Every structure is written in C-alpha cells, then in structure tokens.
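The values are calculated or read from the model by the stated rules, or taken from the named source; none is laboratory data. Source: prediction; values computed, not measured. Don't worry about glycine lacking a Cβ; one is built from the backbone with ideal geometry, like all the others, and counts go over all protein chains shown.
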Amino acid sequence: MAARILITTDYLHPGDTVDQLLREHGLEPVYSPSRGPRTLEERRRLFDGVSGVILASEPVTANMLASAGSLQVIARSGVGYDSIDLQAAAAQGIRVCNAPGTNHHSVAELTIGLIIMASRRLLEVTTAVRQGHWPREAGHELRGSILGIIGHGPSGRATASLGVALGMTVLVSTAHPDPADTAVQFTDLDTVIRRADYLSLHTRAGKSPGKLIDALRLQAMKPSAVLINTARGSLVDEQALAKALSDGTIAGAALDVLENEPLPVDSPLRGLDNLLITSHLAGQTAEARIRAGLAAARAVIDVLENREPAHPVDR
C-alpha cells in the first residue's frame with residue numbers, strides 16, 4: 001500500500017505538479033484544505049494514517065501529534081513554522097521542514113505595493129471614486145524617504161533592494177549584518193524604529209514573551225510613519241497598534257498577517273481608516289506557489305526515501 005501524504009495547503013490540488021511528483025515516487029496524496037479553524041475532533045484526527053504532511057500555516061500542536069502514529073515528516077509550503085510544536089515533533093521522531101527561498105520576491109513586491117498604497121492613499125482614493133467623488137489630495141514620494149527593515153533574510157534583502165531602486169534610504173536591523181551589502185545601512189533596532197518613514201517587518205518571532213512592536217516602540221516611531229508587517233502576526237501588539245492608529249501616534253499601518261486569521265469580528269483593528277489589511281497573501285503569487293509546493297513535496301520525498309531534506313528546521 002502506498003504511503004499517504006496529507007496536503008492541507010489550499011492552493012494545491014489533485015493533478016497539479018505536486019500531486020504528479022508525489023505519485024511518481026509511489027506516494028498517495030490526500031487532501032484536506034485549510035480554510036479556517038478546524039474543530040477539536042477534526043484536528044485530533046487530521047494526521048490519522050498519513051506518513052507525511054504538506055502543511056499550510058495552521059497550527060500543529062502536541063495533542064494533534066500524539067495520535068499521529070505513522071507520521072514521519074511535516075513540510076511547510078512556506079517559510080514560517082512558528083505554529084508547529086517542534087519539541088513535540090522531535091519527541092516522536094517527526095522531521096519538520098520548510099520552503100525558504102521560494103516566495104521572497106513575492107513578499108518584497110507586496111511590501112512595496114503596500115507602502116505605495118499607504119504613501120499615495122490609494123485605498124481612500126479608489127473608494128471615494130467608486131462612491132462618486134473625485135479626491136485630489138497630495139500623497140508622498142518614496143524617493144528620499146527612509147525605509148526601515150527589521151530582519152535581513154531573503155524577503156528582507158529583496159525588499160531592501162527594491163527600496164534602494166526606488167531611491168529610498170534603507171536602514172536595516174539584524175543580528176547578522178552583511179558587510180558586503182553596501183547599498184543599505186546596518187544599525188540597531190531602536191535607530192531603525194525611530195528614523196523610519198516606513199517600518200517593514202521581515203523577521204521571525206523572538207523567544208521572549210513580549211511583542212516586537214509594542215506600545216513603547218509604536219510611541220518611538222515618527223508620527224508620520226507607517227508600519228508594514230508581511231512576516232508574522234505575532235510580532236505586533238494589535239491592541240497597542242489599534243490605539244496608536246486611533247490616537248495618531250503613527251500615521252498608518254499595512255498588515256498582511258494577523259495574530260488570529262481570518263480577522264475576528266471583534267478585532268480592535270476593524271474600522272480604522274488608516275489601516276490596510278490583506279489576507280496573508282504576500283507569498284501567494286502563482287510562481288511562488290509552484291516553487292513552494294514543489295519544495296515541500298521534495299522534502300517529504302527525501303525524508304521518506306531516507307535522505308536528508310534540503311531545509312530542515314528541526315536540527
């Protein structure tokens with residue numbers, strides 16, 4: 001009997017390139033797309049009888065893994081893996097992999113797109129035009145402004161390159177500055193936050209319990225600054241951000257990731273005119289999806305065929 005591979009990534013489908021690759025290696029893909037929170041019973045039974053999982057961004061807890069007797073590998077069809085209990089997986093000998101380097105150009109392009117939307121107030125303008133108005137308010141050029149980037153992984157570097165191409169001064173805070181990258185200025189976190197006109201997050205969640213962007217750091221930003229988060233919803237204190245946007249502590253924000261997705265109906269972020277929210281789609285271009293899906297499938301195949309995967313996050 002062929003080993004069964006569960007696929008929860010909602011853009012992967014029977015008959016696509018990932019499906020074909022798995023079948024060429026004698027594996028049987030089965031599908032349970034992630035389209036929102038599952039019930040407790042659905043989560044408990046999700047991994048029953050499968051040897052590998054190609055996973056969307058939904059959480060994987062110790063309780064879910066406790067009943068996953070045949071599971072050998074979890075492969076994220078993306079970069080982030082904060083939602084997976086790595087300790088519980090390691091305790092059961094389950095390998096965990098991700099797919100870095102597959103969507104960073106997509107993330108960078110959306111980041112710059114959100115910055116342009118905020119700087120030229122495109123959401124307000126297009127909404128007003130649809131309502132029959134004809135607004136002529138001045139926006140701001142990006143050339144000459146300061147782009148602050150926290151994190152210098154693939155998406156941070158790609159965003160920095162686009163910022164430089166647009167004539168922005170790029171300040172970067174990272175634990176691993178690259179002396180060869182002379183197009184940007186590496187500096188400390190507080191300086192980046194204080195000086196940025198556009199502050200963009202491209203880092204993993206830290207091990208400390210607090211949020212990277214909390215009330216104090218929002219207060220340290222320029223009143224004219226815009227916060228952009230295409231990295232992790234857990235990086236930002238959403239209550240503090242809602243207050244900062246309402247009070248005018250900062251001028252605006254654009255979020256592609258949230259603490260809880262989809263956006264809860266009672267979220268304090270709802271109804272704010274100076275906030276853009278997109279539906280966790282920074283890496284979701286057609287090209288990036290193909291690369292990420294194939295990278296996850298290759299990781300599953302490698303583990304099941306007793307080879308070391310290219311991008312393990314568990315070792």
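Here is how the numbers come out for the structure above:
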{"item": "Residue in the range 81-89 that is assigned to a helix (DSSP H, G or I), out of contact with any helix residue (DSSP H, G or I) (no Cβ under 7 Å at 6 or more places or on another chain) and in contact (Cβ under 8 Å) with a residue 60 or more places away in the chain present", "result": "yes"}
{"item": "Pair list, Cβ < 6 Å and 6+ apart or interchain, from the range 3-20 residues that are surrounded by fewer than 14 Cβ atoms within 10 Å (Cβ to Cβ) to residues that are of a type in the set (Asp, Glu) and part of a loop (DSSP other than H, G, I, E, B)", "result": "none"}
{"item": "Residue match in the range 31-50 (condition: exposed (fewer than 15 other Cβ atoms within 10 Å of the Cβ), within 22 Å of residue 234 (Cα to Cα) and among the polar types (S, T, N, Q))", "result": "no"}
{"item": "Residue match in the range 52-63 (condition: β-branched (Val, Ile, Thr), within 16 Å of the chain's Cα centre (by Cα), modelled with pLDDT of 90 or more and within 14 Å of residue 8 (Cβ to Cβ))", "result": "no"}
{"item": "Residue in the range 94-102 that is of a type in the set (S, T, N, Q) and within 18 Å of the chain's Cα centre (by Cα) present", "result": "yes"}
{"item": "Tally of residues being under 17 Å from residue 299 (Cβ atoms) and assigned to a loop (DSSP other than H, G, I, E, B) across the range 90-99", "result": "4"}
{"item": "From the options 165, 183, residue that is without any contact (Cβ under 8 Å) to a residue 40 or more places away in the chain, hydrophobic (A, V, I, L, M, F, W, C), surrounded by fewer than 16 Cβ atoms within 10 Å (Cβ to Cβ) and within 21 Å of residue 103 (Cβ to Cβ)", "result": "165"}
{"item": "Pair list, Cβ under 6 Å, 6 or more apart: the range 296-307 residue under 18 Å from residue 101 (Cβ atoms) and surrounded by 19 or more Cβ atoms within 10 Å (Cβ to Cβ), other residue basic (Lys, Arg) and at pLDDT 95 or above", "result": "none"}
{"item": "Which numbered condition residue 149 misses (of (1) of a type in the set (Val, Ile, Thr); (2) within 20 Å of residue 275 (Cβ to Cβ); (3) part of a strand (DSSP E or B))", "result": "(2)"}
{"item": "Qualifying residue in the range 210-217 (condition: crowded, with 19+ Cβ neighbours inside 10 Å and in contact (Cβ under 8 Å) with a residue 60 or more places away in the chain)", "result": "yes"}
{"item": "The lone exception for residue 137 - which of (1) under 30 Å from residue 185 (Cα atoms); (2) part of a loop (DSSP other than H, G, I, E, B); (3) of a type outside the set (Val, Ile, Thr) it fails", "result": "(1)"}
{"item": "Test for residue 71: is it in contact with a helix residue (DSSP H, G or I) (Cβ under 9 Å, 6 or more places away or on another chain), closer than 28 Å to residue 234 by Cβ and crowded, with 20+ Cβ neighbours inside 10 Å", "result": "yes"}
